[in-house]
Amino acid sequence: MRVLLVEDDDRLADALGTALTERGHRVDRVTRADDGLRLKDGADFVLLDLGLPDMDGLDMLRRLRRVSAVPVIVLTARTEERTVLQGLRAGADDYLTKPFRIMELLARMDAVARRLPRGGSGAGPGPGEASAAAVTVGDVLIDLRARTVDVAGTAVTLTRREFDVLAMLAREPGVVRSREEILDAVWGDAFLAASRSLDVHIRGIRAKTGRPELVRTLRGAGYRLGIEG
């Protein structure tokens, strides 16, 4: 896998580069956001520091997400919850706060990669979607094969993770999925149940579609597609 490392800390970059290379990855390291955006098309995975000299990493992430679905893990020394939520809303697949253990980063990369559609582009069908068709909820059309969402005939753009959560619910519309099930299936880690990641993505689905009842919360049980009404 070709990893694009956008990190201006030489010491951390050297350690990450060595660990990734030992795992068989090819590493391209840049220190500036503009160089990262220029090299994005050749990357299979992006590790993105937020404290860059030419641009805030969140701004780079937003620009990247306009044109690419490449998986991104944010690396940040910022521990404020607001920054973490901003990163997830901007389309990060995961985040780690510094200092972190390299083995934890490698494990999270593996978890993200396992959930990618074959080919890694995020455009093809995900697990269990090969034989699925489209699901309609009111004026919302969820195409599980094309990985698209239309609301009242207008296309709505979700991040890959947002769509994966919605698709999991849509494949079995009447089934309630627990937080742990969703986190394990989409994030590859049920122990993230205490994190805010799932909450952020559920809110993103509701806000972007303008249909707050599209994903219904059943307190103490989990979530299901809003098939009633």
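Values in this text are rule-based calculations from the coordinates and carry no lab data. The structure presented is a predicted model; accordingly, all values stated were derived computationally and were not measured. In this analysis, Cβ positions are derived from the backbone assuming ideal geometry, glycine residues included, and neighbour counts consider all displayed protein chains.
At 7 Å along the Cα-to-beta-carbon direction for both residue 14 and residue 55, put a label point, then send me their distance in nm to one decimal.
Going from the residue 14 label point to the residue 55 one covers 2.8 nm.
List the DSSP H helices in the chain whose Cα atoms stretch 15 Å or more along the helix axis and whose mean Kyte-Doolittle hydropathy is at least -1.0.
10-22, 57-67, 102-114, 160-171, 197-209
Show me 163-169, 145-151, 199-205 ranked by packing, highest mean number of other Cβ atoms within 10 Å first. Before the final figure, lay out each step's value.
Working: 163-169: 24.6, 145-151: 17.1, 199-205: 18.9.
Result, highest mean Cβ count within 10 Å first: 163-169, 199-205, 145-151.
Between residue 2 and residue 145, 0.36 nm times their residue separation minus their Cα-Cα distance comes to what?
Length difference between fully extended and current span is 48.8 nm.
Could you tell me which label, among (1) 12.2; (2) 15.9; (3) 11.1, carries the value of mean projected area of the Cα convex hull in nm² calculated for this structure?
Structure-derived value, by its label: (1).
Please give the calculated 222 nm ellipticity per residue for the chain, where each DSSP H segment of at least 4 residues contributes -39500 (n - 2.57) and the sum is spread over every residue; nearest 500 deg cm²/dmol?
-10500 deg cm²/dmol
Placing +1 at every Lys and Arg Cβ and -1 at every Asp and Glu Cβ, with all other atoms neutral, what dipole size does the chain have around its Cα centre, in debye to the nearest 20?
Values: 36 positive and 35 negative charges, 97 e Å.
Roughly 460 debye for the chain.
Please state the shape class of the stretch 1-124: rounded when a/c is under 1.5, otherwise prolate if a/b exceeds b/c and oblate if not, all from the C-alpha gyration tensor.
rounded
Need one number: % antiparallel among DSSP beta bridges in the chain, to the nearest 5.
50 percent
Taking other Cβ within 10 Å of each residue's Cβ, how do 178, 197 sort, fewest first?
178, 197
Between residue 34 and residue 221, take the C-beta separation as r, use R0 = 45 Å, and let me know the FRET efficiency to the nearest 0.05.
It comes out at approximately 0.45.
Can you tell me the order of 57-70, 86-99 when each peptide is scored by its average per-residue count of other Cβ atoms within 10 angstrom, highest first?
By packing density, highest mean first, the sequence is 86-99, 57-70.
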